[in-house]
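Undergrad: Mind having a look at this structure? Questions to follow.
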Amino acid sequence: MSGGRRPSATGPYRDRGQVTVEFLGMTPTIIVTLVVLWQLVLVGYTFTLAGNAADEAARAGTAASPGARQGACQAAGTDKLSGAWGDGATVTCATGGGMVTADVRLTVPILFPGTLSFPFEVTGHAGAVEEETDEETD
């Protein structure tokens, strides 16, 4: 060695191992991004389930007699919800102004449905026109 200089690496091997180091550095960022995307999918799916359950509840409430309306509404609102979403579901129905309305509240699971849930709820709201019964006259 002349002049105290290190010989510089040349050729195809000078960046050897660089891709491995960069991938290991990016792995936590990739994992966090995937977890956040999965959680957003669960939030969106919960909104979809709440809206569909409210539609089903309102539809069943219109077909039931006024005395059995709340029971039919609650049963239809929770019928198609799986255990993770159905366990904490709240279904309320109301009648007024010729309309039957249903509100469904669901909790959003954290990462794995059926384990933990966020402390906020997703609400679905639906309404349907109250069915009239034809009374026969003799």
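Undergrad: Tell me, what HN-Hα J-couplings in whole Hz come from the Karplus equation 6.51 cos²θ - 1.76 cosθ + 1.60 at θ = phi - 60° for each residue of the stretch 31-41, using x for Gly and Pro?
TA: In residue order, the calculated couplings are 5, 4, 4, 5, 5, 5, 5, 5, 5, 5, 5 Hz.
Undergrad: Something else now. Return the distance in nm (one decimal) between the two label points of a simple spin-label model at GLU22 and PHE112, each offset 7 Å from Cα along Cα→Cβ.
TA: Rounded to a tenth, the inter-label distance reads 3.5 nm.
Undergrad: Next question. Taking θ as phi - 60°, what are the ³J(HN,Hα) couplings along the stretch 58-73 by the Karplus curve (6.51, -1.76, 1.60), each to the nearest whole Hz, with x for Gly and Pro?
TA: Ordered by residue, 3J(HN,Hα) equals 5, 5, 5, x, 6, 7, 8, 5, x, x, 9, 5, 5, x, 5, 5 Hz.
Undergrad: Keeping all protein chains in position, work out how much accessible area SER65 exposes to a 1.4 Å probe, and write it in Å² to the nearest 10.
TA: Roughly 70 Å² of SER65 is accessible to a 1.4 Å probe.
Undergrad: Does the stretch 10-138 classify as rounded, prolate or oblate by the C-alpha gyration tensor (a ≥ b ≥ c root eigenvalues; a/c under 1.5 gives rounded; else a/b over b/c gives prolate, otherwise oblate)?
TA: prolate
Undergrad: Under 5 Å between amide H atoms, partner at least 5 residues away or on a different chain: which partners does GLU130 have, H built in plane at 1.01 Å?
TA: Those qualifying (amide H under 5 Å, at least 5 residues apart or on another chain) are MET99, VAL100.
Undergrad: Please compute the length gained on full extension between ALA63 and THR48, using 0.36 nm multiplied by the number of residues separating them and subtracting their Cα-Cα distance. Numbers along the way, then the final one.
TA: On the way: separation 15, 0.36 × 15 = 5.40 nm, distance 2.33 nm.
Gain in length upon complete extension: 3.1 nm.
Undergrad: Next up: Determine the shape class of the stretch 33-104: with a ≥ b ≥ c the square roots of the Cα gyration tensor eigenvalues, call it rounded for a/c under 1.5, and otherwise prolate if a/b is greater than b/c, oblate otherwise.
TA: It is prolate, given that a/c is not under 1.5 and a/b is the larger ratio.
The values are calculated or read from the model by the stated rules, or taken from the named source; none is laboratory data. If you're wondering where the values come from, they're calculated on a predicted model, not measured in any experiment. Here Cβ is always computed from backbone atoms with ideal geometry, including for glycine, and neighbour counts include all displayed protein chains. What goes into the accessible areas is simple: the full protein's heavy atoms, side chains included, and nothing from ligands, DNA or RNA. Shrake-Rupley method; radii C 1.70, N 1.55, O 1.52, S 1.80 Å.
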